[in-house]
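One structure is given below, encoded as structure tokens.
The values are calculated or read from the model by the stated rules, or taken from the named source; none is laboratory data. Remember, it's a predicted structure, so these values are computed and weren't measured experimentally. As a convention, Cβ positions derive from the backbone with ideal geometry for all residues, glycine included, and neighbour counts pool all protein chains shown. Accessible surface is based on the protein model in full, side chains and every heavy atom, while ligands, DNA and RNA are left aside. Shrake-Rupley method; radii C 1.70, N 1.55, O 1.52, S 1.80 Å.
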Amino acid sequence: MSGRRVTVTRNPVPAAGTGAAGPLRPLGAGPDAEPDGWAGPGELHLRSIVAGQLSLAGRTLAAAAGILVGAAVLPSLGEYAGIGAPGVWLVLCLAPPPLWALLAVTHLRRAERIERESVRTVRDGG
């Protein structure tokens with residue numbers, strides 16, 4: 001062994017098809033970060049998708065909370081309307097599950113639309 005010291009700044013390039021990790025990046029840098037610290041187009045594209053989907057997730061959670069609050073308030077409203085306990089429980093058993101399923105399908109379609117529109121924007125150069 002030689003006494004010479006070498007500073008290693010990145011991992012060796014993996015052999016083709018090994019699936020090993022790529023070069024080292026500074027802490028906090030995304031996978032597509034430019035070497036000088038500026039965000040590359042891929043990272044900005046990913047950030048816009050994540051921001052749109054987080055906003056959508058917040059709206060979906062608010063709607064799910066609304067369904068839960070509505071289910072909690074329904075028995076007391078049923079007493080005032082004169083529906084009676086059996087009718088209120090029937091509504092509580094039959095109404096929320098389809099609403100949640102509809103909410104889930106709507107959320108999925110909107111999340112996919114956000115991805116498609118973002119990819120289309122990048123592809124068209126906008």
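Write out, first by first residue and then by second, each pair whose Cβ atoms fall under 9 Å of each other, whose residues are 6+ apart or on separate chains, and whose first residue, in the range 37-53, is under 12 Å from Val122 (Cα atoms) and open to solvent by 60 Å² or more (accessible area, probe 1.4 Å) while the second is modelled with pLDDT under 75 and small (Gly, Ala, Ser).
Hits for this filter: Leu46/Gly30.
Yes or no: Glu34 under 30 Å from Arg123 (Cα atoms), of a type outside the set (Val, Ile, Thr) and either surrounded by 10 or more Cβ atoms within 10 Å (Cβ to Cβ) or modelled with pLDDT under 80 (or both)? Can you show your working first?
Details: under 30 Å from Arg123 (Cα atoms): yes; of a type outside the set (Val, Ile, Thr): yes; either surrounded by 10 or more Cβ atoms within 10 Å (Cβ to Cβ) or modelled with pLDDT under 80 (or both): yes.
Yes.
Going by the conditions given, is Glu117 at pLDDT 85 or above and under 14 Å from the mean Cα position of the chain (by Cα)?
So Glu117 fails the test.
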